1. Looking at chain A, do any whole DSSP H helices span at least 18 angstrom along their long axis by alpha carbon and average -0.5 or above on Kyte-Doolittle, and which?
2. First measure r as the distance between the Cβ atoms of residue B:119 and residue A:106, then evaluate 1/(1 + (r/R0)^6) with R0 = 41 Å and state the FRET efficiency to the nearest 0.05.
3. Just want the answer: with Cβ charges of +1 for Lys and Arg and -1 for Asp and Glu, which residue in A:138, A:121, A:155 is farthest toward the dipole's positive end in chain A?
4. Rg and Dmax of the stretch B:108-204, using alpha carbons, in Å: what are they?
5. Given the DSSP H assignment, sum -39500 (n - 2.57) over each helix run of at least 4 residues in the protein assembly as shown and divide by its residue total; what's the result at 222 nm in deg cm²/dmol, nearest 500?
6. Once neighbouring chains are kept in place and the probe is 1.4 Å, which whole percent of the accessible area of the protein assembly as shown is contributed by carbon and sulfur?
7. Please identify which residues in the stretch B:46-85 have an amide N closer than 18 Å to a label point set 7 Å out from the Cα of residue B:20, following the Cα→Cβ vector.
8. When the dipole is taken about the Cα centre of the protein assembly as shown, and only Lys, Arg (+1) and Asp, Glu (-1) are charged at their Cβ, what size is it in debye, to the nearest 20?
2 protein chains.
Amino acid sequence: VSDLTPHDDASQASNRRPLRVDAQANRNRILDRAEEVFGCGGQTMSTEEVARLAGVGIATVFRHFPTKTDLLQAVLIRRLERLRQQAQAKSDNIAPGEAFFDFFRHLVIDAPSKIAIGEALDEAGGSRNDQIIEASQALRNAVGMLLGRAQRAGSIRADVDLAEVYALLIATSRAAAQANLTGEVTQRALNIIFDGLKPQATSR
Amino acid sequence: VSDLTPHDDASQASNRRPLRVDAQANRNRILDRAEEVFGCGGQTMSTEEVARLAGVGIATVFRHFPTKTDLLQAVLIRRLERLRQQAQAKSDNIAPGEAFFDFFRHLVIDAPSKIAIGEALDEAGGSRNDQIIEASQALRNAVGMLLGRAQRAGSIRADVDLAEVYALLIATSRAAAQANLTGEVTQRALNIIFDGLKPQATSR
């Protein structure tokens with residue numbers, strides 16, 4: 001590198017910075033399109049389709065994500081982290097009871113595409129790596145945080161634990177994804193659970 | 001048959017009746033063992049194993065059920081019909097609210113092995129035939145009958161429909177089967193739903 005003139009150095013540096021921004025933009029665009037493509041379910045989804053929709057070559061996708069498994073893991077981690085951030089935002093901005101019920105409802109509505117991404121990862125032979133497990137755990141903790149806040153505010157009965165609340169969340173999420181429920185039936189099912197969680201409900 | 005003496009006729013008839021009883025007993029034993037074997041889940045379950053446990057030859061199994069699919073369909077139909085009969089028995093013998101909640105709980109506890117049988121049928125490439133669909137529908141109707149009875153008795157709020165109640169039943173059944181819930185978490189999750197169904201809960 002001793003043969004590089006100062007001018008070359010500066011030129012390289014200024015070329016490198018935009019490239020990095022481009023690379024990050026490409027990465028984000030690939031993840032956005034992958035999330036849409038694999039979130040719709042179906043068997044025919046391919047990395048080639050993601051590259052085409054993102055407007056990049058397949059080589060660019062493979063530079064960022066050497067395998068389909070890498071891509072799907074990154075999509076899932078980003079989705080889980082975004083959900084956790086949304087839980088935090090609700091906690092920061094909305095009254096405790098409303099924040100909890102809003103976010104529970106949001107997770108159930110969000111579930112079908114999240115489950116489809118997880119299934120695509122399974123089909124690609126990928127595992128839930130440590131980052132996915134950590135992001136899942138962080139999301140569960142965020143729901144626990146919203147639950148505790150709503151319980152302290154008296155909006156949810158004090159005698160329920162996160163274990164059964166999360167079990168109901170996962171159960172209704174899967175049902176919404178698998179059982180071809182209409183939106184109205186899902187909402188009415190959620191209302192039954194929410195009423196059961198409210199302190200006015202029958203005491204046990 | 002004109003060369004048969006009356007004695008031969010009588011002898012044949014008396015031989016034939018026990019054989020039919022034996023055949024029916026074999027069939028029931030095969031179905032009992034198949035229900036146990038395939039209800040446990042796992043990939044290694046075979047018709048040979050069922051024959052061995054039932055104490056019959058594999059040829060006997062195949063005489064009653066020409067394919068594994070036939071066997072699994074018969075197991076599932078019998079299970080669904082038994083559940084429907086249990087719903088009727090609860091309706092005949094127990095107070096309306098208790099009958100509904102008891103049966104809901106029973107279906108959830110019963111679900112893992114029922115789901116395993118359904119999955120074995122899927123794996124064997126078998127479909128839900130008309131009899132299975134009818135038996136499923138009859139079970140759903142029986143739950144609707146118990147629900148209506150509990151609503152008329154004032155034990156369950158009048159403004160819930162079978163659609164969302166059955167959605168919650170299927171959701172919790174699948175969760176109990178798939179999510180490795182402990183029995184206690186399942187019971188506590190059911191209590192939340194049951195409280196949400198009771199008229200004392202918050203009105204909507």
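1. Values: long enough: A:6-39 (49 Å, -1.22); A:68-93 (37 Å, -0.85); A:96-123 (39 Å, 0.23); A:130-152 (32 Å, -0.10); A:162-178 (23 Å, 0.98); A:183-197 (21 Å, 0.36).
Membrane-span-like by this criterion, though nothing is claimed about a membrane: A:96-123, A:130-152, A:162-178, A:183-197.
2. On the way: r = 31 Å, r/R0 = 0.75.
The value I calculate is 0.85.
3. Going by the charge dipole, the pick is A:155.
4. Here Rg and the maximum Cα pair distance are 15.5, 47 Å.
5. Values: 16 runs with 316 residues, N = 408.
Using -39500 (n - 2.57) per qualifying helix, the result is -26500 deg cm²/dmol.
6. Working: 10220 of 20710 Å².
Here carbon and sulfur together make up 49 percent of the probe-accessible area.
7. Backbone N within reach: B:64.
8. Working: 50 positive and 50 negative charges, 183 e Å.
Here the size comes out at about 880 debye.
The values are calculated or read from the model by the stated rules, or taken from the named source; none is laboratory data. Every value quoted in this text rests on a predicted model; they were computed, and no experiment measured them. For neighbour counting, all protein chains shown are included, and Cβ atoms are generated from backbone atoms with ideal geometry for every residue, glycine included. For the accessible areas, the whole protein counts, side chains as well, though only heavy atoms, and no ligand, DNA or RNA atoms are used. Shrake-Rupley method; radii C 1.70, N 1.55, O 1.52, S 1.80 Å.
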